[in-house]
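Novice: Before I ask anything, here is the structure I am working with.
No lab work stands behind these numbers, since they all come straight from the coordinates. From a predicted model like this one, the values you see are computed outputs, not experimental measurements. As a convention, Cβ positions derive from the backbone with ideal geometry for all residues, glycine included, and neighbour counts pool all protein chains shown.
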């Protein structure tokens, strides 16, 4: 996902739906490397919340790059 920062509730809801309903079956990659350091930390915190959600697909891998 490009431009995901998790600050927008609708954007976070869409990403969480991808995770919980099994829409993404192998890997969800979220690009954070182009963000300034503060925004990168905030985004990685939201990604951590995504990782805690129950996954619709057991082997789903969520990563930041």
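Novice: Take the Cα of residue 52, step 7 Å along the line toward its Cβ, and report every residue of segment 9-29 whose backbone nitrogen sits under 15 Å from that point.
Specialist: The answer is 16, whose backbone nitrogens lie closer than 15 Å to the label point.
Novice: While we're looking at this one, here's another question. Please tell me the relative contact order of the chain in percent, rounded to the nearest whole number, where contacts are Cα pairs under 8 Å and at least six residues apart.
Specialist: This gives 47 percent for the chain.
Novice: Hey, of (1) 1.34; (2) 1.09; (3) 0.95, which did the structure itself give for Rg/Rh (Cα atoms, Kirkwood Rh) when calculated?
Specialist: Structure-derived value, by its label: (3).
Novice: How much mean residue ellipticity at 222 nm does the chain get from its helices, if each DSSP H run of length 4 or more adds -39500 (n - 2.57) and you divide by all residues, to the nearest 500 deg cm²/dmol?
Specialist: Helices in the chain give a 222 nm mean residue ellipticity of -14000 deg cm²/dmol.
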